[in-house]
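First the structure, in the form of structure tokens, and then the observations on it.
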Amino acid sequence: MAVPDPSKSAFLFPGQGSQKAGMGKELSAAHPEARAIFEQADELLGIPLSKICWEGPEAELNDTVNTQPALLVHSIAALQVFYKLFGGEFGDLRPPHRPRSAFTPAFVAGHSLGEISAAVAAGALDYPTALKLVRRRGELMKQAGQQHPGGMAAILGLDIVTLDKICFKASVVGKDVVQVANDNCPGQVVISGHSGAVQRAMQLAKEAGARRALPLAVSIAAHSPLMAGAQEQFRLAVEDADPQDPAIPMIGNVGAAEIRLAADLRADLNAQLTARVRWTDSIRAMRKAEVTTFIELGSGNVLTGLLKRIDAEAEGMALGETTDFEKLAR
């Protein structure tokens, strides 16, 4: 497999759900640059995050306060390896750490918390700041889930317009609400909100012809109004993180549009926890801008799988472990 044309490529960064025990272990054993990223995370957070990533247990890794930084750390470790092997020196990940590389993609984008990984790749946030920010994000979301428990469900086989109508019908304004949380790809949508409203929406979805309506094993109603308190606290954390203008254009989750200014990045992050992830529209925006190849950096290949369902002609590759990189020709 040949290294793609940078001008027609985009970096993608996964979000929650892509984690798995062993993530980044093989990569760190083979590449000192990757191991250094994991070790720095242990030091900065004061927890054995690398051990949790590499050995589990799954329950500890799946605790959102660990999951979110784990995914960012693996993504940035994979990014460092990519630049070492195929693009030259990336930099020390401290501002201003503009990529010094022969390989500069046309865009970067991340799914949900992956947007923070994308901000690091774009030079808008330095790695230590992003790591602390995403850890805080996980803490706030966990607290919100404890204070305002809710639910999420995956709906397969219905379009967004139909699901928006179903969520409206299933909601009781100001009391019991559900909304589209993730527009992952055509026919695969996640809804989120109060448990009762989610249950009603699932039943309505089945009646409308959904192939499946599957409750997710979570108590956190991400990307819904139940995250309003967490979003306000996260806004303060984003303000403290002080994002800079991206050196590489980003595509934001909320607007599904180009982000070139720090103010626009702040605005997207400051609405992210309560707004839907417009992933289908994000990929389509990059395809419209003539991106042909999407490189998923980090744990798993979820985004690469979604890509083909959004646009069958788009090319995708997932790079997270040593064997993935070995498939690329220098």
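The values are calculated or read from the model by the stated rules, or taken from the named source; none is laboratory data. Keep in mind that this is a model prediction, so the values were computed, not measured. No Cβ is skipped: glycine too gets one built from the backbone with ideal geometry, and neighbour counts run over all protein chains shown.
Anything in the range 248-289 that is of a type in the set (Lys, Arg) and surrounded by fewer than 18 Cβ atoms within 10 Å (Cβ to Cβ)? List them, or say none.
Passing the criteria: Arg260, Arg284, Arg287, Lys288.
Consider only pairs whose beta carbons are under 8 Å apart and that are at least six residues apart or on different chains; among these, list those whose first residue lies in the range 73-97 and is among the polar types (S, T, N, Q) and whose second residue is in a loop (DSSP other than H, G, I, E, B) and at pLDDT 95 or above.
Ser75/Pro14; Ser75/Gly298; Ser75/Ser299; Gln80/His31
Which of the following residues is among the charged types (D, E, K, R) and either modelled with pLDDT under 95 or part of a strand (DSSP E or B) (or both): Lys169, Lys165, Lys142, Lys84?
Checking each option against the conditions leaves just Lys84.
Does the range 1-39 hold any residues that are out of contact with any Phe, Trp or Tyr (no Cβ under 7 Å at 6 or more places or on another chain), under 25 Å from Glu60 (Cα atoms) and among the hydroxyl-bearing types (Ser, Thr, Tyr), and which are they?
Once the filter is applied, which keeps residues that are out of contact with any Phe, Trp or Tyr (no Cβ under 7 Å at 6 or more places or on another chain), under 25 Å from Glu60 (Cα atoms) and among the hydroxyl-bearing types (Ser, Thr, Tyr), the range 1-39 yields only Ser18.
Restricting attention to the range 298-309, does a residue exist that is in contact with a Ser or Thr (Cβ under 9 Å, 6 or more places away or on another chain), part of a loop (DSSP other than H, G, I, E, B), under 28 Å from Leu226 (Cβ atoms) and among the β-branched types (Val, Ile, Thr)?
Within the range 298-309, not a single residue is in contact with a Ser or Thr (Cβ under 9 Å, 6 or more places away or on another chain), part of a loop (DSSP other than H, G, I, E, B), under 28 Å from Leu226 (Cβ atoms) and among the β-branched types (Val, Ile, Thr).
Residues being surrounded by fewer than 24 Cβ atoms within 10 Å (Cβ to Cβ) and farther than 17 Å from Ala77 by Cα: count how many of those fall in the range 108-132.
Qualifying residue count, the range 108-132: 1.
Are any residues in the range 16-60 modelled with pLDDT of 95 or more and at positive phi, and if so, which ones?
Gly22, Gly24, Gly46 - these are the residues of the range 16-60 that are modelled with pLDDT of 95 or more and at positive phi.
Can you list the helices (runs of 4 or more DSSP H) lying wholly within the range 201-288 that have 2 or more residues being touching a Lys or Arg at 6+ places or on another chain (Cβ under 8 Å) and over 23 Å from Thr104 (Cα atoms)?
Result: 228-241.
How many of the residues in the range 1-26 are over 22 Å from the mean Cα position of the chain (by Cα) and small (Gly, Ala, Ser)?
Residues in the range 1-26 being over 22 Å from the mean Cα position of the chain (by Cα) and small (Gly, Ala, Ser): 2 in total.
At pLDDT 95 or above and in the same structural domain as Gln80 (by TED's automatic domain parsing): does that describe Lys206?
For Lys206, the condition - at pLDDT 95 or above and in the same structural domain as Gln80 (by TED's automatic domain parsing) - is not met.
Quick one: which residue in Leu236, Leu273 is free of Cβ contacts under 8 Å to residues at least 24 places away in the same chain and under 18 Å from Ala130 (Cα atoms)?
Leu236
From the list Ser7, Ser18, which residue is in a helix (DSSP H, G or I) and either out of contact with any His (no Cβ under 9 Å at 6 or more places or on another chain) or crowded, with 17+ Cβ neighbours inside 10 Å (or both)?
From the options Ser7, Ser18, the qualifying one is Ser7.
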